[in-house]
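Report on the structure given below.
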Amino acid sequence: MTKNTVGVIGGGQLARMMIPPAIELGIDIRVLEEAEGMSAEIAASGVGDYRDLDTVLAFAETVDVITFDHEHVPPAILRELVSRGIPVHPGPDALLYAQDKLQMRAKLSELGVPVPDWAAVESADELGAFLDDHGGRAVVKTARGGYDGKGVRVVTEASGADDWFLALAEDGRGGALLVEELVSFQRELAQLIARRPSGETAVWPVVETIQRDGVCAEVIAPAPQSAERVVELAAEIARTIATELGVTGVLAVEMFETTDGRVLVNELAMRPHNSGHWSIEGAVTSQFEQHLRAVLDLPLGAPDVRDEWAVMVNILGGPAEGTLQDRYPAALAAHPSAKLHGYGKEPRPGRKVGHVTVCGDDLDDVVYNARGAASFFID
């Protein structure tokens, strides 16, 4: 019998955006949300702690395959699911490299994938030695848990991460921080790829991502003025990572295009990703439909773009008063080419509460309309 019930752990906007393609494909999608009233509540079949084995097992027994809205489920729980014969995509052996930045850096270095110069440091002295070797400036990251600029800081002195070293010591489990060279880059790129268990892959065009305060603000697809070498290298890097790590589902590879011509991997996400939201309207097969196809081991869809350009602008924070829906009439009237996506979240400074996508053949016009529509929702 064909498996067609997908269980998503995590009730955020990524799970929410899997619901429409699941309906179109006739897939039964169920969500374990962390609390009532989350973005994907319409498909929630349970509320519970993803860190509790019994809760996750009870949910997993109601579906054919488990996938994720985030990477935070403890590896021990995922391994228990696998030991009981429950398909988990991506599996714990792959997901480890999206959960732990030190493991990720070590594995990518082993595979020969280009990354910034890095080290694992356990003390201020070790951090100071790295700074001495790298011009007195570096980026320090916590190995686990950071996202959207959290758990990342630039340091210029050995004491710059003392609070994080103290937190590691107080945790009682030890561990290290990741320190990297401060890369001089001209822009940030993201390469999305989907891979199904049988090995088939599909690659979307490489995109340019624009960050503000450590958070993705805009995405341009495909990345403008990209040399053929960069396009081919980004795709090759993504294929290597997806294949060698055995990723199933969507993989997002965030990259730096450096001022000296290198393409370096910055981060990995093994799930649909903010840099791929443009694909809902802009690609033949969106990242959300593709993720469902991949985790069910169905043939993958074409990742080709529908128009010459697609621009996605995040709505960060939202209106100071009222809801996003209150602003819809004015935004839609002013920018009829814009597609609006609300996440069902309460406005809060810096929070991703929705996004706008515009597609077309004139990049300046597409950017103007995407930014213009988004501006209606930000005070």
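Miscellaneous remarks
- One residue from Val47, Val73, Val82, Val63 being closer than 23 Å to Lys141 by Cβ and of a type in the set (Val, Ile, Thr): Val73
- Residues satisfying the stated conditions in the stretch 112-136, i.e. closer than 29 Å to Ile241 by Cα, in contact with a helix residue (DSSP H, G or I) (Cβ under 9 Å, 6 or more places away or on another chain) and not hydrophobic (A, V, I, L, M, F, W, C): Gly112, Pro114, Pro116, Asp117, Glu122
- In the stretch 330-351, the residues that are within 15 Å of Phe376 (Cα to Cα) reach residues that are open to solvent by 50 Å² or more (accessible area, probe 1.4 Å) and of a type outside the set (A, V, I, L, M) with C-beta atoms within less than 8 angstrom, at least six apart or across chains, in these pairs: Ala330/Phe376; Ala331/Phe376; Ala334/Phe376; Leu340/Tyr328; Gly342/Gln325; Pro347/Thr323.
- Of all residues in the stretch 186-205, one or more are of a type in the set (A, V, I, L, M, F, W, C) and within 21 Å of Pro92 (Cβ to Cβ).
- Failed condition for Glu33, given (1) in contact (Cβ under 8 Å) with a residue 12 or more places away in the chain; (2) open to solvent by 10 Å² or more (accessible area, probe 1.4 Å); (3) not hydroxyl-bearing (Ser, Thr, Tyr): (2)
- Ala176 falls short of the stated requirement of being crowded, with 22+ Cβ neighbours inside 10 Å, out of contact with any His (no Cβ under 8 Å at 6 or more places or on another chain) and small (Gly, Ala, Ser).
- Count of the stretch 207-236 residues which are more than 22 Å from Gly151 (Cβ to Cβ), free of Cβ contacts under 8 Å to residues at least 40 places away in the same chain and either open to solvent by 20 Å² or more (accessible area, probe 1.4 Å) or β-branched (Val, Ile, Thr) (or both): 10
- Subset of the stretch 238-265 (residues that are within 20 Å of Ile220 (Cα to Cα) and buried (at least 18 other Cβ atoms within 10 Å of the Cβ)): Ala238, Val250, Leu251, Ala252, Val253, Glu254, Met255, Phe256, Glu257, Val263, Leu264, Val265
- Positions within the stretch 197-206 being more than 18 Å from the chain's Cα centre (by Cα) and open to solvent by less than 40 Å² (accessible area, probe 1.4 Å), in sequence order: Gly199
- Close pairs from the stretch 89-110: first farther than 17 Å from Lys141 by Cα, partner of a type in the set (Gly, Ala, Ser) and open to solvent by less than 10 Å² (accessible area, probe 1.4 Å), Cβ under 7 Å, at least 6 apart: His89/Gly249; Pro90/Gly249
- Selection of the stretch 39-72 for residues being exposed (fewer than 14 other Cβ atoms within 10 Å of the Cβ) and either in contact (Cβ under 8 Å) with a residue 60 or more places away in the chain or part of a loop (DSSP other than H, G, I, E, B) (or both) yields Asp49, Arg51, Asp52, Glu61, Thr62.
- If only residues of the stretch 108-129 that are under 28 Å from Arg212 (Cβ atoms) and more than 20 Å from the chain's Cα centre (by Cα) are counted, the one that is surrounded by the most Cβ atoms within 10 Å (Cβ to Cβ) is Leu127.
The values are calculated or read from the model by the stated rules, or taken from the named source; none is laboratory data. On a predicted model such as this, the values are computed, not experimentally measured, just so you know. Quick reminder, even Gly has a Cβ in these numbers, built from the backbone with ideal geometry, and neighbours come from all protein chains shown. Accessible surface areas use protein heavy atoms only, side chains included; no ligands, DNA or RNA. Shrake-Rupley method; radii C 1.70, N 1.55, O 1.52, S 1.80 Å.
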